[in-house]
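Everything below concerns the one structure shown next.
Derivation of every value follows stated rules applied to the coordinates shown; laboratory data play no part. From a predicted model like this one, the values you see are computed outputs, not experimental measurements. Cβ: placed from backbone, ideal geometry, glycine included. Neighbour counts: every protein chain shown.
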Amino acid sequence: MFETHKIDIFFSGDKNLFDKDEEIFICNRTKVVRFFKLFLPCLTVMLLGIGVVLFSFETTQSNLSVAKEEKIYFEKFKIKNTLFEITEKDNRLSILRASVVEEKEVGTKTYDLENPYAKIIDSKDKEITLKAKNGSYNKNKEELFLEGDVVSVYDNKMQIDTNSATYNFKTETGFGNEKIIGKGKNESFSSNSFNFDKKNNILTLRGNVNINSNNLSLTTPNKATLFVNDNKLIATKALAKQDKNTLYGDNLTVFFKDTKNFEIQKAISEGNTEIHFGNKTAFADKGEYFADKKVAYLYNNVKIKDSNDYSATAKKGIYDLSKNDFILENEVQIKKETYNAFTNKAIFHQSIGELHFLGNIKIVNGENNAFTDKAIYYQNKDEFHFFGNVRIRQKETVATANKGIYYVKKNIVELVDNVVITRNGNIVRGDKAISDFNTSKSKLIAQKGRRISGKLIESKLKK
């Protein structure tokens, strides 16, 4: 029968019922439990922290941490096929195991691990697991190293894979110099290596970085640093894609409403900046994007290139994503092979294929110049329609009207409504005029049944 009295004494700590060898075994086993409990989960938290800070998972910091004042001493030992079930302070059960735990050298305080595995239940009752083929712990450096198919899984929603990872408990920093891949239901990320600063909550992904979440993706061949406390990400030579639009920046800073769901609030690009939209590409020295307004602003040396062989420059550009309009302001110039157009403001209505010119408009074609208050360029027709104070100047001839159409392919302008042609002081009026930019000549045309009227200077008639 059981001697319950002796069992009670043992668990109360008053007396040890085991012999000396058994006592040593129990002591070592207890220390191993403490080792697993304190250190393996910390790397789990580090690896899964990478996924948690990037994507939409709710979690809290693990209670499994190392107290600075706590001291752990090991004797040289080797234990095989060990499974530990540990009840935490919050009564949650953690499972920790390894096929082998072995001290490398007596007194070195370094330990080899084979097939380490940990399962933790966090405060939200979410399961976190970590496994690897091998590992080691250096007590002097307070550093844990895992290698060989390192896999961490959070709540069966996010899996993070890498081949090796290191975490230093003293500095609260971790790193991995091999490729790391994270995959979730709607999110994923990858890079050639990473650094993690737990104390300042900063994650840096290095080399061939690729981050995807919902309809947003960000890539860079260099690095991307996520400042979780500030809800921002800084990347160099980065390309961000959202829907059908692409933003490139030499130095790209993205501000999020919340790093848990990766929703952009604002983005700033400095240095070489590019926006790709439709069949156009916009360039500038600086760019800003505001998600609430769905508007991007470009500043300094703004330039647009179009697949239809024209380019535009201005001091400022505005891209309205909701309307799919691109606006150029201040010293706007549009260049094509046959003409240059100047205006105070130009609006590209991309959805309908129209380009509107507003204010102080001038179109130059060789020795031919066209002026008007307002103009609309119809991309599918390759035509300019002029409205208000239309004036065509060709050498010594000036033709004016209220309206006009510039047929770019034919290189001629038709003027209608109150047409007047002036040449060397001679003035003639008619219903319609055609200014030929190929010959730099204009002619007046009267409608059927109507006559051309005008005023001729006498000295010219005598000749």
**Request:** Compute the length gained on full extension between Asn402 and Asn360: take 0.36 nm times their separation in residues and subtract their Cα-Cα distance, giving the result in nm to one decimal.
**Result:** 13.6 nm
**Item:** Linear extension gain, Ser322 paired with Asn424, 0.36 nm per residue minus alpha-carbon span
**Value:** 31.5 nm
**region 377-415-region 119-155 distance, computed between alpha-carbon centres (Å)** = 73 Å
**Prompt:** Measuring from label point to label point, each 7 Å out along Cα→Cβ, what is the Ile79 to Asp436 span in nm?
**Reply:** 10.1 nm
**Complete:** Check: C-alpha center region 197-246 vs C-alpha center region 283-342, spacing in Å is 26 Å
**Request:** Evaluate the distance, in nm, between pseudo-label points positioned 7 Å from the Cα of Lys141 and of Ile95 along their respective Cα→Cβ axes.
**Result:** 3.2 nm
**Asked** In nm, to one decimal, how far is the modelled label at Lys257 from the one at Asp382, with both set 7 Å along Cα→Cβ?
**Response** 4.6 nm
**Prompt:** If you bin the C-alpha pair distances of region 242-324 every 10 Å from 0, what whole percents do you get?
**Reply:** 18, 52, 26, 4, 0
